[in-house]
Structures are given as C-alpha cells and as structure tokens.
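Structure first, commentary second.
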C-alpha cells in the first residue's frame with residue numbers, strides 16, 4: 001500500500017501540482033479539481049504529465065466534482081448532492097464525462113465522485129433514474145479504458161453493493177472513506193469491508209465521530225482520535241488483499257496544523273502497516 005495525500009488543482013497552484021506530496025516525502029496523490037471544470041484543459045494535462053515525471057509523484061486517480069449546489073448535511077444533502085437530484089443530473093453527467101476525458105489524457109486509471117444519497121428503497125421513484133445516470137457515466141469511463149469509483153459517504157454499504165451489482169459493468173470500484181461512513185451514520189468501516197471489500201480500490205485516510213444527534217453529521221477529527229479504529233482497519237485491508245493507495249485527507253484549513261496532522265498520520269500509517 002502506497003501512502004499519499006490529496007492534491008488540489010487550483011489555478012494558483014498549476015506550477016506546483018505535486019509539491020504537496022513531494023514535501024511530505026510521498027510518491028502519490030489523488031488529484032481533486034474542486035468543482036471547476038474549466039481547469040480541464042490540454043495545457044493543464046500536459047503540465048500534470050510533465051510535473052509528475054519531473055517530481056517522481058504519480059496521481060492515483062482524479063476526484064471529479066460537478067456543478068450546482070452541494071450541501072454536506074442531512075437536510076440539503078439529499079436534494080443537492082451527486083446524481084440524485086433530477087434538476088442537476090444532465091449537466092453533472094456531462095461534467096463527469098469531461099473529467100473522464102481529462103483523466104484519460106493524464107493517464108490515471110479512474111475518476112472518483114460522490115453519487116449522493118442513493119435511495120435505499122428500491123421502489124423509490126428516484127432509484128432507477130439514479131442508477132441509470134451512474135451507469136451512463138460508468139459506461140463512458142469504460143469506453144475510455146477507465147474505472148469509475150464511488151466515494152463512500154451518503155449511502156449504506158449494502159446500497160453501494162446493490163448499485164454495483166445492478167450496473168454490472170466491469171469497471172466499478174470504491175474509494176472507501178471510512179470516516180464518512182461513521183460521520184453520516186451509514187455503517188461501521190470494519191463491517192463494511194465484509195459487504196463490499198472486493199470492490200475497494202482506494203482509501204481515504206480520515207477519521208471521524210458518529211452523529212451525536214439526529215440532525216447533524218458527526219465531526220472529522222485527526223486520524224487515530226476517532227471511531228475508525230485504524231490499526232484494526234489496516235489489518236483487515238491486508239486480510240482482504242487490498243494493495244491500493246492510502247490517501248490522507250485532513251479536511252481543515254491549509255497551514256501548519258494540517259501539515260502537522262498529515263506528518264503524524266504518515267508516521268502512524270507506517271507503524272500500523274509494519275505491525
């Protein structure tokens with residue numbers, strides 16, 4: 001398992017795309033576009049390919065955002081996130097296809113996104129349309145020789161497994177964010193591996209707490225201080241044969257505290273991996 005970090009693609013950072021992972025002594029990262037599809041240019045693709053070669057850092061995947069509102073909560077989330085809301089679905093499918101085109105240009109194996117609060121009830125009127133929309137993007141990725149990975153968060157493990165089985169394409173995988181499962185109250189990360197472990201391709205190294213009330217998500221905390229139980233989780237990943245990247249994601253403001261937390265997480269991960 002290779003340790004990496006998130007590397008955000010912003011216009012101000014285009015000349016130092018891989019500086020983040022390089023400064024931490026890491027060899028990989030996950031590129032995130034932060035919702036700006038206008039960044040996906042041939043010029044940027046060429047920069048990424050060159051900078052990757054020059055720095056010795058490779059991108060494991062592209063995390064692909066989409067246009068329109070996004071509320072990361074239990075109230076607005078179900079009607080704004082991913083491919084669930086009908087009113088944004090067409091433009092978001094197009095945006096994800098554009099991200100796939102870009103991923104192909106820079107030579108990464110997959111795109112990743114949040115698909116939203118996929119209905120747990122298969123008889124929900126939204127269910128078939130959501131699955132068809134995801135399938136359209138997945139099939140487009142497949143036509144480019146790419147995989148499509150779901151980031152966990154708004155759906156339970158069994159809903160995610162069901163969606164993968166319904167679609168049946170051979171290019172589907174999971175970017176497992178164990179903290180998200182806890183923060184959204186959707187599942188236990190260790191148990192989730194029993195449900196969909198065979199599909200896990202990439203992992204977000206993040207930690208979090210369960211919701212403390214019925215209206216608000218649980219909070220993110222420094223890795224090792226939450227409910228993920230990272231040493232056990234690493235052992236379980238080894239047991240199921242996972243050999244993908246461990247991408248550290250510390251969702252606080254960039255600066256000394258974030259850097260300190262990332263360095264501590266790298267140290268802990270190396271210890272847990274060698275245990």
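The values are calculated or read from the model by the stated rules, or taken from the named source; none is laboratory data. Just so you know, these numbers come straight off a predicted model, no measurement behind them. Cβ coordinates were reconstructed from backbone atoms using ideal geometry, including for glycine residues, and neighbour counts include every protein chain displayed.
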statement: Within the range 114-132, restricting to residues that are in a helix (DSSP H, G or I) and surrounded by fewer than 22 Cβ atoms within 10 Å (Cβ to Cβ), the one that is nearest to the chain's Cα centre (by Cα) is 131
query: Can you tell me which residue in the range 152-175 is farthest from the chain's Cα centre (by Cα), limited to those that are farther than 24 Å from residue 123 by Cβ and buried (at least 20 other Cβ atoms within 10 Å of the Cβ)?
result: 173
- request: Return only the number of the condition from (1) surrounded by fewer than 19 Cβ atoms within 10 Å (Cβ to Cβ); (2) closer than 30 Å to residue 132 by Cβ; (3) modelled with pLDDT of 90 or more that residue 36 does not satisfy.
  value: (3)
message: Condition first: in contact with a strand residue (DSSP E or B) (Cβ under 8 Å, 6 or more places away or on another chain), within 30 Å of residue 215 (Cβ to Cβ) and touching a residue at least 24 places away in the same chain (Cβ under 8 Å). Can you find one or more residues in the range 78-92 that meet it?
response: yes
query: Which one of the conditions (1) surrounded by 17 or more Cβ atoms within 10 Å (Cβ to Cβ); (2) more than 26 Å from residue 258 (Cα to Cα); (3) modelled with pLDDT of 95 or more does residue 44 fail to meet, given that it meets all the rest?
result: (3)
- prompt: Is the range 189-206 home to any residue that is surrounded by fewer than 17 Cβ atoms within 10 Å (Cβ to Cβ) and under 23 Å from residue 78 (Cα atoms)?
  reply: no
- prompt: Hey, among the residues in the range 212-240 that are surrounded by fewer than 16 Cβ atoms within 10 Å (Cβ to Cβ) and in contact with a helix residue (DSSP H, G or I) (Cβ under 9 Å, 6 or more places away or on another chain), which one's nearest to residue 179 (Cα to Cα)?
  reply: 219
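Just wondering, is there one or more residues in the range 153-165 that are touching a strand residue (DSSP E or B) at 6+ places or on another chain (Cβ under 7 Å), modelled with pLDDT of 95 or more and part of a loop (DSSP other than H, G, I, E, B)? Break it down stepwise before answering.
Just the residues of the range 153-165 that are touching a strand residue (DSSP E or B) at 6+ places or on another chain (Cβ under 7 Å), to begin with: 160, 164.
Subset that is modelled with pLDDT of 95 or more: 160, 164.
Pick out the ones that are also part of a loop (DSSP other than H, G, I, E, B) and you get none.
Within the range 153-165, not a single residue is touching a strand residue (DSSP E or B) at 6+ places or on another chain (Cβ under 7 Å), modelled with pLDDT of 95 or more and part of a loop (DSSP other than H, G, I, E, B).
Consider residue 40 carefully, then state whether it is in contact with a strand residue (DSSP E or B) (Cβ under 6 Å, 6 or more places away or on another chain), within 19 Å of residue 102 (Cβ to Cβ) and touching a residue at least 60 places away in the same chain (Cβ under 8 Å).
No, not satisfied.
Please verify whether residue 25 is under 30 Å from residue 236 (Cα atoms), out of contact with any strand residue (DSSP E or B) (no Cβ under 6 Å at 6 or more places or on another chain), at pLDDT 90 or above and not in a helix (DSSP H, G or I), treating the condition exactly as stated.
Working: under 30 Å from residue 236 (Cα atoms): yes; out of contact with any strand residue (DSSP E or B) (no Cβ under 6 Å at 6 or more places or on another chain): yes; at pLDDT 90 or above: yes; not in a helix (DSSP H, G or I): yes.
When the stated conditions are applied, residue 25 passes them.
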Checklist (1) closer than 24 Å to residue 161 by Cβ; (2) outside any strand (DSSP E or B); (3) out of contact with any helix residue (DSSP H, G or I) (no Cβ under 9 Å at 6 or more places or on another chain); (4) touching a residue at least 60 places away in the same chain (Cβ under 8 Å) applied to residue 198, failing item: (4)
- prompt: Quick one: residue 49 ticks every box in (1) touching a residue at least 40 places away in the same chain (Cβ under 8 Å); (2) out of contact with any helix residue (DSSP H, G or I) (no Cβ under 7 Å at 6 or more places or on another chain); (3) surrounded by fewer than 18 Cβ atoms within 10 Å (Cβ to Cβ) bar one, so which box is it?
  reply: (2)
